[in-house]
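For reference, the structure discussed in these notes is given below.
The values are calculated or read from the model by the stated rules, or taken from the named source; none is laboratory data. As the structure is a prediction and not an experimental result, all values here were calculated from the model. When we count neighbours, we look across all protein chains shown, and the Cβ atoms used for this are built from the backbone with ideal geometry, even at glycine. Surface accessibility is based on the protein's heavy atoms, side chains included, excluding ligands, DNA and RNA. Shrake-Rupley method; radii C 1.70, N 1.55, O 1.52, S 1.80 Å.
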Amino acid sequence: MKHAQTYQLTVNEMNEFLEQLSKKYDIYAPVRISCGGRYAKDDSIIYQPINTYQEIEFHERSTYPLKEVLTPITQTLFYFTEDEFKESKSPQKDVLIFGRACDINSIKIQDQIYLQNGGVEDYFYKRIRDKIKFILMDCPEQFEGCFCCSVGANKTDMQSLAVSDNNGSAYVGIYDSDFNNYFAKYSAVDHEIQTPLENELKVDYPVIDNLDLANKLKEHPMWKEFDARCIGCGSCTVSCSTCTCFETTDIVYTQNAHIGERRRTCSSCMVDGFDKVAGGQSFRKKPSEKYRYKILHKVYGYNARFHTGPMCVGCGRCSARCPELISYPATLNKLSQAIKEIKGGVQHD
Ligand code: SF4
Ligand code: SF4
């Protein structure tokens with residue numbers, strides 16, 4: 001990470017800074033929602049607009065990913081009548097988002113899928129993406145199941161600012177000269193904001209370098225266990241920083257089917273019906289087939305198209321959200337083992 005000019009601000013000074021920023025930016029950060037989680041007494045942590053520094057949750061991984069600022073779970077794209085349509089409101093201000101290195105890196109993957117896939121830019125993604133700048137949050141306490149270092153997502157150069165919470169004060173690093181003016185009254189301090197260098201969890205991230213190997217892996221018995229384990233709920237993909245699948249639905253307000261709104265809603269290759277085609281046929285019926293598709297897309301299909309590495313930033317949310325305790329890192333390690341077996345000529349019945 002390039003070295004930045006760093007300043008130390010009290011919480012009150014941070015709040016003044018955020019107040020000044022809010023004239024130009026909508027500011028988003030992970031925020032704790034008390035009793036907003038899966039079970040009655042569980043909290044959830046989601047990206048929300050903030051006004052004060054104290055609202056930011058620094059000490060726990062957010063339950064849902066940063067992508068929700070750009071592509072909310074449900075979003076109205078436009079409203080229509082019989083012969084005209086009106087675009088939904090685009091963000092009025094620029095947007096600043098607090099995120100960790102993995103979360104910010106996940107937006108590179110989102111950018112490829114929404115902006116560089118098949119030569120078509122997604123208009124509704126682009127209209128917010130063009131307004132976004134990132135504030136990097138450091139990760140002094142690592143969270144269970146994170147493996148950003150195994151996929152090279154522990155470092156980023158996409159941040160405009162970096163913030164390290166320091167119990168009653170904050171270090172703020174400046175990487176974008178647009179923000180220099182805000183700090184003219186402060187003196188720089190000698191402090192470098194760090195991102196993780198090593199995770200406790202290390203993943204042997206599989207490399208599938210050709211289609212023949214990918215096809216052989218499809219036949220490997222490692223997938224069978226997921227028929228008994230995976231319930232096809234889609235939680236792993238909704239919480240995934242890098243999954244992008246959605247569906248669109250026209251909602252009509254009256255009996256006149258020509259008046260309504262078009263919504264884009266997050267979807268998942270793990271749920272029944274996602275791959276249904278004309279004529280009602282589905283090609284991935286069993287949970288093991290859906291899970292295999294998801295994993296091979298992340299490890300092989302995405303990289304075969306973009307040549308930029310895995311479709312994963314090691315945030316660990318998929319495993320944390322799975323109600324059946326299916327571990328994505330454990331699956332990756334099994335896949336690496338299966339690759340070794342195939343390359344070593346081991347046969348399975
Ligand atoms: S696959 Fe799992 S670890 Fe990788 S980006 Fe998605 S949620 Fe994070
Ligand atoms: S969260 Fe777990 S049970 Fe649900 S679809 Fe994903 S792998 Fe299957």
Please work out which one of (1) without any contact (Cβ under 8 Å) to a residue 12 or more places away in the chain; (2) touching a Phe, Trp or Tyr at 6+ places or on another chain (Cβ under 7 Å) is the condition K185 fails and give its number. (2)
Pairs needed: first member in the stretch 318-345, more than 14 Å from ligand 2 (Cβ to nearest atom); second member anywhere, in a loop (DSSP other than H, G, I, E, B) and among the polar types (S, T, N, Q); C-beta distance under 6 Å; at least 6 residues apart or different chains. none
Evaluate the stretch 139-151: report whether one residue or more is closer than 30 Å to A304 by Cβ and of a type in the set (V, I, T). yes
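From the list C240, C236, which one is buried (at least 16 other Cβ atoms within 10 Å of the Cβ), in a loop (DSSP other than H, G, I, E, B) and either within 16 Å of ligand 2 (Cβ to nearest atom) or in contact (Cβ under 8 Å) with a residue 12 or more places away in the chain (or both)?
Values: C236 fails: in a loop (DSSP other than H, G, I, E, B).
The match here is C240.
Of K131, K126, K108, K89, which residue is on the phi < 0 side of the Ramachandran plot and loosely packed, with under 13 Cβ neighbours inside 10 Å?
When all the criteria are applied, what remains is K89.
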Which one of the conditions (1) part of a loop (DSSP other than H, G, I, E, B); (2) more than 21 Å from the chain's Cα centre (by Cα); (3) within 16 Å of ligand 2 (Cβ to nearest atom) does M222 fail to meet, given that it meets all the rest? (1)
May I ask you to list pairs of residues, at least six apart or on different chains, whose Cβ atoms are under 7 Å apart, with the first in the stretch 199-210 being closer than 15 Å to A338 by Cβ and the second being open to solvent by less than 30 Å² (accessible area, probe 1.4 Å) and among the small types (G, A, S)? D204/S336; P206/S336; I208/A214
Name every residue in the stretch 56-106 that is out of contact with any strand residue (DSSP E or B) (no Cβ under 7 Å at 6 or more places or on another chain) and in a helix (DSSP H, G or I), in order of residue number. K67, L70, C102, D103, N105, S106
Matching residues in the stretch 1-52 - criterion: being open to solvent by 50 Å² or more (accessible area, probe 1.4 Å), more than 17 Å from D138 (Cβ to Cβ) and among the hydrophobic types (A, V, I, L, M, F, W, C): I33, C35, A40
Out of the residues in the stretch 190-225 meeting the condition of being open to solvent by 90 Å² or more (accessible area, probe 1.4 Å) and touching a helix residue (DSSP H, G or I) at 6+ places or on another chain (Cβ under 8 Å), tell me which one is nearest to Y291 (Cα to Cα). K224
Give the residue, chosen from G314, G279, that is in contact with a helix residue (DSSP H, G or I) (Cβ under 6 Å, 6 or more places away or on another chain), on the phi > 0 side of the Ramachandran plot and either more than 16 Å from ligand 2 (Cβ to nearest atom) or among the small types (G, A, S) (or both). G314
Scan the stretch 278-299 and give yes if some residue there is open to solvent by less than 40 Å² (accessible area, probe 1.4 Å), assigned to a loop (DSSP other than H, G, I, E, B) and within 25 Å of L325 (Cβ to Cβ), otherwise no. no
Could you check how many residues of the stretch 251-270 are open to solvent by 60 Å² or more (accessible area, probe 1.4 Å) and modelled with pLDDT of 95 or more? 2
